[in-house]
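S.K.: Pasting in a structure now, in structure tokens, and then I'll have a few things to ask.
The values are calculated or read from the model by the stated rules, or taken from the named source; none is laboratory data. Just so it is clear, the structure is predicted and the values come from calculations on it, not from any experiment. Ideal geometry is used to build each Cβ from the backbone, glycine not excepted, and the neighbour counts take in all protein chains shown.
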Amino acid sequence: MSNEARIILLHHSTGNCIWKGGVAGWFGEYNARKKTNYQIIEQAFPKKEPYGWRNYPFDYWNIWVEHAGASPFKEEPTLEMLTKQYDVIIWKHCFPVSHIQADTGKPQIGSAEHRLENFKVQYAALLDKMRSFPGTKFIVWTAAALVKSKTNEDEARRTKEFVDWAIKDWDRKGDNVFLWDFYALETEGGLYLAEKNAADPANSHPNEEFSRKAAPFFCQRIVDVIEGRGDTGSLTGQVK
């Protein structure tokens, strides 16, 4: 890309925490220092109405793959629409994605049930869809973790398996799709959202201190992707 880029972050409440941690300000300073014009905005996706406040693998598949096209689906923009407006599209799931149930042995791409088998086939379809827009770069957050009091070890281990699979198997070098490893920052190597990073022991939203710490890493990851370091830079955005 040139020194200009239009960027959108599609999010719900967890993403809003990181956004308020200083994302807009970071880009303002970076643009001034590097003489770039990277313009980033945020947008709730999907909205509460009419689609519903659900941003899980099924929902992205439902809006962007199953109902792809030039027109919105339940007032939500498709990738055909978004890719005409933005050079970088960033999307994520909020922490209820980590309530992952056991597999049945019969993956269903059209199922909203949180199971690894369903997530994997939905992600495979989403990868194909995103790769069909090679002029746009996509950044996907790894799963947001839950605090220990709001989940159990089986769910937590499945969430880690989902993240590990996304990093090792789903993400591929040389294409236009990249990850930001939010899960690693939140958990600090554990299975749960670290208590010191949580709003409180019973609330899986990141707290303000963590959000201010993570926001620059997020911004750095975006810049690395824009500037061609997406496959070589740190997945967390931490500069070593």
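Residue by residue, here is whether (1) at pLDDT below 95; (2) of a type in the set (D, E, K, R); (3) in contact with a Phe, Trp or Tyr (Cβ under 6 Å, 6 or more places away or on another chain); (4) more than 30 Å from Pro134 (Cβ to Cβ) holds:
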{"residue": "Ala184", "(1), (2), (3), (4)": "no, no, no, no"}
{"residue": "Ala198", "(1), (2), (3), (4)": "no, no, no, yes"}
{"residue": "Ala202", "(1), (2), (3), (4)": "no, no, no, yes"}
{"residue": "Asp224", "(1), (2), (3), (4)": "no, yes, no, no"}
{"residue": "Leu235", "(1), (2), (3), (4)": "no, no, no, no"}
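S.K.: Here's a follow-up. Let me spell it out: the conditions are (1) over 20 Å from Thr136 (Cβ atoms); (2) of a type outside the set (A, V, I, L, M, F, W, C); (3) buried (at least 18 other Cβ atoms within 10 Å of the Cβ), and Gly233 meets all of them except one. Which number is the exception?
M.R.: For Gly233, the failing item is (1).
S.K.: Right, something else. What are the residues in segment 173-227 that are charged (D, E, K, R) and touching a residue at least 60 places away in the same chain (Cβ under 8 Å), if any? First the steps, then the outcome.
M.R.: If we filter segment 173-227 for residues that are charged (D, E, K, R), which is where we start, we get 173, 175, 181, 186, 188, 195-196, 200, 208-209, 212-213, 221, 224, 227.
Within segment 173-227, Glu208, Arg212, Lys213, Arg221, Glu227 meet the criteria.
S.K.: Turning to a different aspect of this structure: Residue check, Phe45 against (1) under 13 Å from the mean Cα position of the chain (by Cα); (2) more than 29 Å from Ala156 (Cβ to Cβ); (3) not acidic (Asp, Glu), all met but one. Which one?
M.R.: (2)
S.K.: Oh, and also: Starting from residues that are farther than 12 Å from Lys92 by Cα and in a loop (DSSP other than H, G, I, E, B), keep the ones in segment 1-35 and report whichever is modelled with the lowest pLDDT.
M.R.: Here the residue is Met1.
S.K.: May I ask you to say which residue of Lys74, Lys47, Lys106 is among the basic types (Lys, Arg), modelled with pLDDT of 95 or more and within 30 Å of Ile226 (Cβ to Cβ)?
M.R.: On the way: Lys74 fails: within 30 Å of Ile226 (Cβ to Cβ); Lys106 fails: within 30 Å of Ile226 (Cβ to Cβ).
After ruling out the rest, the residue left standing is Lys47.
S.K.: Please give the number of the condition Glu186 fails out of (1) closer than 19 Å to Val225 by Cα; (2) within 17 Å of the chain's Cα centre (by Cα).
M.R.: Only one criterion is unmet by Glu186, namely (1).
S.K.: Let me ask something else about it. Is it true that some residue in segment 130-140 is crowded, with 17+ Cβ neighbours inside 10 Å, out of contact with any strand residue (DSSP E or B) (no Cβ under 9 Å at 6 or more places or on another chain) and modelled with pLDDT of 95 or more?
M.R.: no
S.K.: Okay, next question. Would it be correct to say that Ala44 is surrounded by 14 or more Cβ atoms within 10 Å (Cβ to Cβ) and in contact with a helix residue (DSSP H, G or I) (Cβ under 6 Å, 6 or more places away or on another chain)?
M.R.: Values: surrounded by 14 or more Cβ atoms within 10 Å (Cβ to Cβ): yes; in contact with a helix residue (DSSP H, G or I) (Cβ under 6 Å, 6 or more places away or on another chain): no.
Answer is no for this residue.
S.K.: Would a scan of segment 127-141 turn up a residue that is of a type in the set (A, V, I, L, M, F, W, C) and more than 23 Å from Ile63 (Cβ to Cβ)? Don't jump to the end; show me each part of the working.
M.R.: As a first pass, look at segment 127-141 and keep what is of a type in the set (A, V, I, L, M, F, W, C): 127, 130, 133, 138-141.
Now drop any that are not more than 23 Å from Ile63 (Cβ to Cβ), which leaves none.
The answer is no; no qualifying residue exists.
S.K.: Among the residues of segment 24-41 satisfying the criterion of being within 21 Å of Ser13 (Cβ to Cβ) and among the hydrophobic types (A, V, I, L, M, F, W, C), which is surrounded by the fewest Cβ atoms within 10 Å (Cβ to Cβ)? Can you show your working first?
M.R.: At the first step, the residues of segment 24-41 found to be within 21 Å of Ser13 (Cβ to Cβ) are 24-26, 40-41.
Retained after the next criterion (residues that are among the hydrophobic types (A, V, I, L, M, F, W, C)): 24, 26, 40-41.
Working: Ala24: 15, Trp26: 18, Ile40: 20, Ile41: 12.
Here the answer is Ile41.
S.K.: Looking at Leu185, Leu146, Leu126, Leu191, can you tell me which residue is touching an Asp or Glu at 6+ places or on another chain (Cβ under 9 Å), crowded, with 20+ Cβ neighbours inside 10 Å and either in a helix (DSSP H, G or I) or not aromatic (Phe, Trp, Tyr) (or both)?
M.R.: On the way: Leu185 fails: touching an Asp or Glu at 6+ places or on another chain (Cβ under 9 Å); Leu126 fails: touching an Asp or Glu at 6+ places or on another chain (Cβ under 9 Å); Leu191 fails: crowded, with 20+ Cβ neighbours inside 10 Å.
Just a single option satisfies the conditions, and that option is Leu146.
S.K.: While we're looking at this one, here's another question. Of all residues in segment 82-123, which are part of a helix (DSSP H, G or I), over 28 Å from His205 (Cα atoms) and in contact (Cβ under 8 Å) with a residue 24 or more places away in the chain? Before you say what the answer is, go through the steps one by one.
M.R.: Filtering segment 82-123 down to residues part of a helix (DSSP H, G or I) leaves 82-85, 95-98, 116-123.
Filter again for over 28 Å from His205 (Cα atoms), leaving 83-85.
Answer for segment 82-123, where residues must be part of a helix (DSSP H, G or I), over 28 Å from His205 (Cα atoms) and in contact (Cβ under 8 Å) with a residue 24 or more places away in the chain: Thr83, Gln85.
Here's the yes/no breakdown for (1) over 25 Å from Ile222 (Cβ atoms); (2) of a type in the set (A, V, I, L, M, F, W, C); (3) touching a His at 6+ places or on another chain (Cβ under 9 Å):
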| position | (1), (2), (3) |
| --- | --- |
| Gln39 | no, no, no |
| Tyr60 | no, no, yes |
| Lys74 | yes, no, yes |
| Glu80 | no, no, no |
| Leu126 | no, yes, no |
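S.K.: So in segment 80-118, with the set limited to residues that are in contact with a helix residue (DSSP H, G or I) (Cβ under 8 Å, 6 or more places away or on another chain) and closer than 17 Å to Ile139 by Cα, which one is surrounded by the most Cβ atoms within 10 Å (Cβ to Cβ)?
M.R.: Once the filter is applied, the top-ranked residue is His93.
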